[in-house]
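Read through the structure below, which is laid out as structure tokens, and then see the notes.
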């Protein structure tokens, strides 16, 4: 057992917000002829997916009147550049500063802004904001503090908290609304054609996207469970299983594929976030753990089976085509803050037969 220090990184944000407000108060007032707004949202993939609809509503409300720029974490840039109505996308590492978040471009040149809205912050973003001139700055600190207390309380009670999607709408003062993917993003048909040309997608079989990995160990499902599950699904119909994920997920894939007699395909570590989103858009089903790819599958409306670890579960975008398997009953305070091995982890209470049954249910609903 050891403390999950990665998860504890989120507690840096209130400190950074406080320092930002103090620094802002000490700076001289400025004026600018710029009408531009910068939205700072240096978050992880799941949080970005959950906040995409709120960003859309904010941008739509300012359409034609101002320019909107985004500051996001590096992996998000390829997708964020296609958000409808966004002028420029800048990058800064998230508060977690993961290995996939390569160093930002030191040549980024910011202009001045009429307003900066800081939804999420990190040490990297804090340093950048110190050099950017703005007339007005607004932070989400009150929302984050209130939501943190709300999460802790619901985690103790084993109840479902408000989703991050709802909180994102609150941060941008917009009313929640479900918005189709094609309204959120503007992606040329040539990009879809490029993705459909990938060898892994060259098939008339139903394409099942599989994601076994997670940044949190308590969300990791045993590889032997995946082997048993895919054998069962293969007997159920004519499917092509395509694995996605980061470099760290390759070990799981090698183990799983070596124990299967059927051919599987891997895009692990080969595609960026935009590509992954388009792969999901051009596929038929998703099966995976609570993770960034799972949230993107929800964002594109892909029929999904999700395996959840300990609660609370708050980043999920709305998806009426999802079946969730959750044995935590919203609990898991200990597992959230401490690493455990295989024993007694909530996700290991989900069996391959459970997932197989959920997939059959999802299949027959389609």
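Where a number appears in this text, it was derived from the coordinates with a stated rule and is not lab data. Quick caveat, the model's predicted, so the values are computed rather than measured. Virtual Cβ from ideal backbone geometry, glycine too; neighbours counted across all protein chains shown.
With the simple model of a label 7 Å out from the Cα in the direction of the Cβ, residue 65 to residue 107 spans 3.6 nm.
Order of 189-201, 162-174, 133-145, 289-301 by packing, highest average Cβ count within 10 Å first? Could the numbers behind the result be given before it?
Values: 189-201: 13.0, 162-174: 19.8, 133-145: 16.7, 289-301: 26.1.
Ranking the peptides 189-201, 162-174, 133-145, 289-301 by packing returns 289-301, 162-174, 133-145, 189-201.
How would you rank 232-242, 121-131, highest first, on the average number of other Cβ atoms within 10 Å across their residues? List each step's numbers first, then the result.
On the way: 232-242: 16.5, 121-131: 19.3.
Those peptides, ordered most packed to least, come out 121-131, 232-242.
The list (i) 94, 43, 34; (ii) 70, 41, 39; (iii) 68, 47, 36 gives values of Cα extents along the principal axes in Å, and only one came from this structure; which label was calculated from it? Calculated Cα extents along the principal axes in Å: the matching label is (iii). Here residue 361 and residue 205 are evaluated by their C-beta separation; at R0 = 22 Å the FRET efficiency comes out at 0.60. Sorting the segments 81-89, 278-286, 42-50 by their residues' average number of neighbouring beta-carbon atoms within 10 angstrom, most packed first, yields 42-50, 278-286, 81-89. Modelled label positions at residue 81 and residue 259, each set 7 Å beyond Cα in the direction of Cβ, lie 4.0 nm from each other. Taken as Cα centroids, segment 135-194 and segment 207-280 sit 28 Å apart, rounded to the nearest whole angstrom. Helix 352-365 versus the longest principal axis of the chain: what angle, 0 to 90°, nearest 10, using Cα atoms? Tilt relative to the chain: about 80 degrees. Each Cα pair under 8 Å and six or more residues apart adds its sequence gap; the mean of these over the residue count of the chain is a relative contact order of 19 percent. Shape class of segment 1-100 from the alpha-carbon gyration tensor: oblate, with a/c at 1.5 or above and b/c at least as large as a/b.
Fully extending the segment from residue 192 to residue 149, taken as 0.36 nm per residue of separation minus the present Cα-Cα distance, adds 11.3 nm.
Angle of helix 141-157 to the longest C-alpha principal axis of the chain, folded into 0 to 90 degrees and rounded to 10: 30°. Rounded, prolate or oblate: pick one for segment 2-184, where a ≥ b ≥ c are the square roots of the eigenvalues of its C-alpha gyration tensor, a/c under 1.5 means rounded, and failing that, prolate if a/b is larger than b/c, else oblate. Taking the square roots of the gyration eigenvalues as a ≥ b ≥ c, segment 2-184 is rounded. Taking the C-alpha atoms only, the angle from helix 45-61 to the longest principal axis of the chain is near 50 degrees.
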